[in-house]
Amino acid sequence: MNTKIVKINKIQPNPGAIYEAGNIIKDGGLVAFPTETVYGLGGDAFNPDSSRKIYEAKGRPSDNPLIVHIANITDLDAVAVDIPSTAYELAARFWPGPLTMILKKRPELPKETTGGLDTVAVRMPVNEVALDLITASGGFIAAPSANRSGKPSPTQAQYVIEDMYGFVDMIIDGGDCDIGLESTIIDLTSRPAMILRPGFITFETLKEIIPDIVFDGNIIDASSPEPPKAPGMKYRHYAPKAEMTLVTGPVDNVITYINDKIEQNSSKGLKIGVIATDETHYLYTADSVKSLGSRKNEKQVARNLFKVLREFDDEDIDVIYAESFEEKGVFRATMNRMIKASGNKEVRV
Ligand code: AMP
Ligand code: MG
């Protein structure tokens, strides 16, 4: 397949290209596009063939549901039914923005889009290119992240091109994603409401609107017969090529442990990467040491995680040791991705 790459951002608005991309989606094709969270791999949510193509392009099992992206709150009831008032309260406060709500699906929405489920995940992104594209394509774009299944979500166009060139009709390069982690997913069909995936909109903030909200951080063992409630809960996800270990504990212990490991592994001839912070990066002597940013800036740390994991892939790092973060606020979302990227390999020191 020929893939057209176009650059669009605030400085280079390109209405012609958005119109063309919208028509590709209307005609059943696929377009990778920027959002404020990560890049999306979009197709027409009401076209079952488009959803099938998305699964194929991603190399993702088709029981893994997609998120339906809308550009107007009035379009919500075109995809969902029995919408609780809480959904409108959440939309008023957080849409457009990085919050995805799980609602009861309208029967007209094809099951191919929702991975066979009776529920639908809906989000209204804030990124203007995304909003314009949704409108140009008829209003409903089904999209997962624009990476090959299992790899870290792309937050920069170069990684979308690496994964999706030849698999989609068009890639829109809209620059780097602002947030850099996928949306918070909240299930409003369960009682009490449940966070299935932590994100930039935090548990603490959502509690202000839904006081009894719970967080389902349960990671299902891969050998369990239980299906994953949200993909990434069961299998290794967001994963770099290297084997990754997350190291948790008082900072001095973490540094000592990681430096010991660097020594042991380099004597075996392995290429080692460390995920550190601005406060600690100079204390390691691995082949590649990368800072996610300052521990005082949870947003910066979130934005850099997937980028750093991709860079380690580029550098053919064999083993990664990562510092961890306190499970609160936006750090909870970063930690959730790090735990999954490591395939649950967390050591406490
Ligand atoms: P991605 O961001 O690429 O992982 O794709 C969208 C994600 O949304 C899926 O992996 C699921 O975690 C989640 N999702 C979408 N629809 C549903 C649903 N109906 N129920 C639970 N989770 C969903
Ligand atoms: Mg994904």
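Can you tell me which residues in the range 126-142 are crowded, with 24+ Cβ neighbours inside 10 Å and over 11 Å from Pro34 (Cβ atoms)?
Ile134, Ser137, Ile141, Ala142
Of all residues in the range 137-177, which are farther than 24 Å from Pro65 by Cβ and either touching a Cys at 6+ places or on another chain (Cβ under 9 Å) or more than 16 Å from ligand 2 (Cβ to nearest atom) (or both)? Talk me through it step by step, then tell me what you get.
Here is the first cut: in the range 137-177, the residues farther than 24 Å from Pro65 by Cβ are 156-158, 161-162, 165-166, 173-176.
Across the range 137-177, the qualifying residues are Gln156, Ala157, Gln158, Ile161, Tyr165, Gly166, Asp173, Gly174, Gly175, Asp176.
Report, by residue number, each residue of the range 169-192 that is away from ligand 1 (no atom under 14 Å from the Cβ), crowded, with 20+ Cβ neighbours inside 10 Å and within 19 Å of the chain's Cα centre (by Cα). Outline the logic, then answer.
Going residue by residue through the range 169-192, those that are away from ligand 1 (no atom under 14 Å from the Cβ) are 169-176, 178, 191-192.
Subset that is crowded, with 20+ Cβ neighbours inside 10 Å: 169-174.
Within the range 169-192, Ile171, Ile172, Asp173, Gly174 qualify.
Report, by residue number, each residue of the range 243-260 that is of a type outside the set (Asp, Glu) and open to solvent by 50 Å² or more (accessible area, probe 1.4 Å).
Our first condition is that a residue be of a type outside the set (Asp, Glu); within the range 243-260, this holds for 244-251, 253-259.
Once the filter is applied, which keeps residues that are of a type outside the set (Asp, Glu) and open to solvent by 50 Å² or more (accessible area, probe 1.4 Å), the range 243-260 yields Pro250, Val251, Asn253, Thr256, Tyr257.
Hand me the list of strands (runs of 3 or more DSSP E) wholly inside the range 1-106 holding 3 or more residues that are open to solvent by 10 Å² or more (accessible area, probe 1.4 Å).
On the way: elements: 4-7, 31-33, 40-44, 67-69, 99-105.
Once the strands (runs of 3 or more DSSP E) in the range 1-106 are filtered for at least 3 residues that are open to solvent by 10 Å² or more (accessible area, probe 1.4 Å), what remains is 4-7, 99-105.
Looking only at the range 84-101, which residues are farther than 19 Å from Pro211 by Cβ and within 14 Å of ligand 1 (Cβ to nearest atom)? Step through it out loud before you land on a result.
First pass over the range 84-101, keeping only residues farther than 19 Å from Pro211 by Cβ: 95-98, 100.
Pro98, Thr100, listed by residue number.
Could you check the range 143-165 and list, in sequence order, the residues that are touching a residue at least 12 places away in the same chain (Cβ under 8 Å) and either open to solvent by 30 Å² or more (accessible area, probe 1.4 Å) or within 23 Å of Glu89 (Cα to Cα) (or both)? First the steps, then the outcome.
Taking the range 143-165 and keeping what is touching a residue at least 12 places away in the same chain (Cβ under 8 Å), we get 143-157, 159-161, 163-165.
Scanning the range 143-165 gives Arg148, Ser149, Lys151, Ile161, Tyr165.
Could you give every pair whose Cβ atoms fall below 6 Å, whose first residue belongs to the range 90-115 and is free of Cβ contacts under 8 Å to residues at least 60 places away in the same chain, and whose second residue is away from ligand 2 (no atom under 16 Å from the Cβ) and among the hydroxyl-bearing types (Ser, Thr, Tyr), counting only separations of at least 6 or pairs across chains?
Listed pairs, sorted by first residue: Lys105/Thr119.
If Leu109 meets every condition in (1) within 9 Å of ligand 1 (Cβ to nearest atom); (2) part of a loop (DSSP other than H, G, I, E, B) apart from one, which number is that one?
(1)
In the range 83-101, what residues are under 23 Å from the mean Cα position of the chain (by Cα) and hydroxyl-bearing (Ser, Thr, Tyr)? Before the answer, list the steps.
In the first step, residues of the range 83-101 are kept if they are under 23 Å from the mean Cα position of the chain (by Cα); the result is 87, 90-101.
Correct list: Thr100 only.
Determine if the range 288-303 includes at least one residue that is under 23 Å from Pro98 (Cβ atoms), out of contact with any helix residue (DSSP H, G or I) (no Cβ under 7 Å at 6 or more places or on another chain) and in contact (Cβ under 8 Å) with a residue 60 or more places away in the chain. Step through it out loud before you land on a result.
Of the range 288-303, the ones under 23 Å from Pro98 (Cβ atoms) are 292-303.
Checking the rest, the ones that are also out of contact with any helix residue (DSSP H, G or I) (no Cβ under 7 Å at 6 or more places or on another chain) come to 295-297, 299-300, 303.
Remaining after also requiring in contact (Cβ under 8 Å) with a residue 60 or more places away in the chain: 299, 303.
Looking through the range 288-303, at least one residue is under 23 Å from Pro98 (Cβ atoms), out of contact with any helix residue (DSSP H, G or I) (no Cβ under 7 Å at 6 or more places or on another chain) and in contact (Cβ under 8 Å) with a residue 60 or more places away in the chain.
Within the range 114-125, which residues are surrounded by 22 or more Cβ atoms within 10 Å (Cβ to Cβ) and within 10 Å of ligand 1 (Cβ to nearest atom)? So that I can check it myself, show each step before the final result.
Narrowing the range 114-125 to residues surrounded by 22 or more Cβ atoms within 10 Å (Cβ to Cβ): 114, 120-125.
Within the range 114-125, Thr114, Val120, Ala121, Val122, Arg123 meet the criteria.
The values are calculated or read from the model by the stated rules, or taken from the named source; none is laboratory data. What you see is a predicted model, and the numbers here were worked out from it, not measured in a lab. In this analysis, Cβ positions are derived from the backbone assuming ideal geometry, glycine residues included, and neighbour counts consider all displayed protein chains. These area figures cover heavy atoms from the full protein model, side chains too; ligands, DNA and RNA do not enter into them. Shrake-Rupley method; radii C 1.70, N 1.55, O 1.52, S 1.80 Å.
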